[in-house]
Ligand SMILES: [Zn+2]
Ligand SMILES: [Zn+2]
């Protein structure tokens, strides 16, 4: 099959590789779409994967075309997405079904081969099927949408709550759309890129604030009726985003930190003090829930099926695998507007 193989840092090649071979308990997915995650950019160009060579790609959807002898044959022909984390199943977190906290996991697209390829063998445990009402490209957004749902759940949002989302990346937009679909009183998206904020409006987010504008603080308190936000979802991972989430939270408010930090996060004393004096609840959020009772992947596919979550508009560019250079340039070149860039395979 054809695949994009990361052979060294910044050395991605489109080439023939052996087809994956089914093991017991697995299904074979013919990959139809795979999103490029913002985490794939440093993975490809800066840090590398855990070993070389690796096929990146963890945000995928596909058709089940074959399955191992111990797997239900009726799955063949169905459409599926897959939770990309392969937990050990033995550690304390796994026993609590908190798989994203597993201490010895494998991961498609970073620790083992992923879906920038034509085929991928996936344990049947990891797949969630969906109907042909959902296009494969939209379904490939299930991974970031599940990560965003997990973050929103950590905020324990009620319909009387005002919610501020800091960040205009895929997770920020998805968190805002989930929050809105769950009926929060007000949702504000905060960012610095005017084009991204206009895009948020087009997605149906009523309130946006550009931090680059001088009067942003006044604008914020005007929208919030001179109060802070009940919940702040931090989806950037920078010092200023963390500081702002502390500033924007109301007294007794809740903050969910979900942006991946690019470097150290240190806070000055006055900001730190606000956590104490305002008695803020600060929670981390990592990956998504795949528990038997709370499964963000099933929640996402169900919301896409019934139309309560409309996220297809996040896909701004699609490329075939062989146009990978153009696809990566689209994300890295800040003169090109992009939100979610995706391979359609
Ligand atoms: Zn991702
Ligand atoms: Zn584990």
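Looking only at region 34-44, decide whether some residue is away from ligand 1 (no atom under 15 Å from the Cβ) and surrounded by fewer than 20 Cβ atoms within 10 Å (Cβ to Cβ). No, there is no match, as no residue in region 34-44 is away from ligand 1 (no atom under 15 Å from the Cβ) and surrounded by fewer than 20 Cβ atoms within 10 Å (Cβ to Cβ). For region 19-50, the set of residues classified as in contact (Cβ under 8 Å) with a residue 60 or more places away in the chain and either on the phi > 0 side of the Ramachandran plot or in a loop (DSSP other than H, G, I, E, B) (or both) consists of 19, 20, 21, 22, 23, 25, 36, 37, 38, 39, 49, 50, listed by residue number. The residue that is surrounded by the fewest Cβ atoms within 10 Å (Cβ to Cβ), among those in region 80-111 that are under 15 Å from residue 26 (Cα atoms) and more than 13 Å from ligand 2 (Cβ to nearest atom), is 80.
Scanning region 89-105 for residues that are away from ligand 1 (no atom under 16 Å from the Cβ) and not in a loop (DSSP other than H, G, I, E, B) turns up 92, 93, 94, 95, 101. Scoring residue 50 on the criteria (1) surrounded by 15 or more Cβ atoms within 10 Å (Cβ to Cβ); (2) under 21 Å from residue 147 (Cβ atoms); (3) more than 18 Å from the chain's Cα centre (by Cα) leaves a single failure, condition (1).
From the list 157, 171, exactly one residue is in a loop (DSSP other than H, G, I, E, B), more than 16 Å from ligand 2 (Cβ to nearest atom), modelled with pLDDT of 95 or more and closer than 20 Å to residue 233 by Cβ. Which is it? Walk me through it before giving the result.
Working: 171 fails: in a loop (DSSP other than H, G, I, E, B).
When all the criteria are applied, what remains is 157.
The combined condition, being exposed (fewer than 15 other Cβ atoms within 10 Å of the Cβ), assigned by TED's automatic domain parsing to the domain that holds residue 324, near ligand 2 (Cβ under 10 Å from one of its atoms) and part of a loop (DSSP other than H, G, I, E, B), is not fulfilled by residue 77. On the given criteria, is residue 12 more than 16 Å from residue 130 (Cα to Cα) and in a strand (DSSP E or B)? Yes, satisfied. Which one is farthest from residue 162 (Cα to Cα) among residues in region 243-287 that are within 21 Å of the chain's Cα centre (by Cα) and loosely packed, with under 12 Cβ neighbours inside 10 Å? So the residue we want is 263. Residue 335 passes every criterion in (1) in contact with a helix residue (DSSP H, G or I) (Cβ under 8 Å, 6 or more places away or on another chain); (2) closer than 18 Å to residue 195 by Cα; (3) surrounded by fewer than 19 Cβ atoms within 10 Å (Cβ to Cβ) apart from (1).
Out of all the residues in region 294-336, which are in a loop (DSSP other than H, G, I, E, B), over 19 Å from residue 58 (Cα atoms) and touching a residue at least 24 places away in the same chain (Cβ under 8 Å)? Scanning region 294-336 gives 294, 308, 309, 310. Somewhere in region 265-280, is a residue farther than 20 Å from residue 100 by Cβ, assigned by TED's automatic domain parsing to the domain that holds residue 166, assigned to a helix (DSSP H, G or I) and in contact (Cβ under 8 Å) with a residue 60 or more places away in the chain? For region 265-280, residues farther than 20 Å from residue 100 by Cβ, assigned by TED's automatic domain parsing to the domain that holds residue 166, assigned to a helix (DSSP H, G or I) and in contact (Cβ under 8 Å) with a residue 60 or more places away in the chain: absent. For the residues 242, 282, 232, the requirement of being under 30 Å from residue 312 (Cβ atoms) and touching a strand residue (DSSP E or B) at 6+ places or on another chain (Cβ under 9 Å) singles out 232.
The values are calculated or read from the model by the stated rules, or taken from the named source; none is laboratory data. Treat the numbers as computed from the prediction; the structure is a model and nothing was measured. Note that each Cβ is placed from the backbone with ideal geometry, even for glycine, and that neighbours are counted across all protein chains shown.
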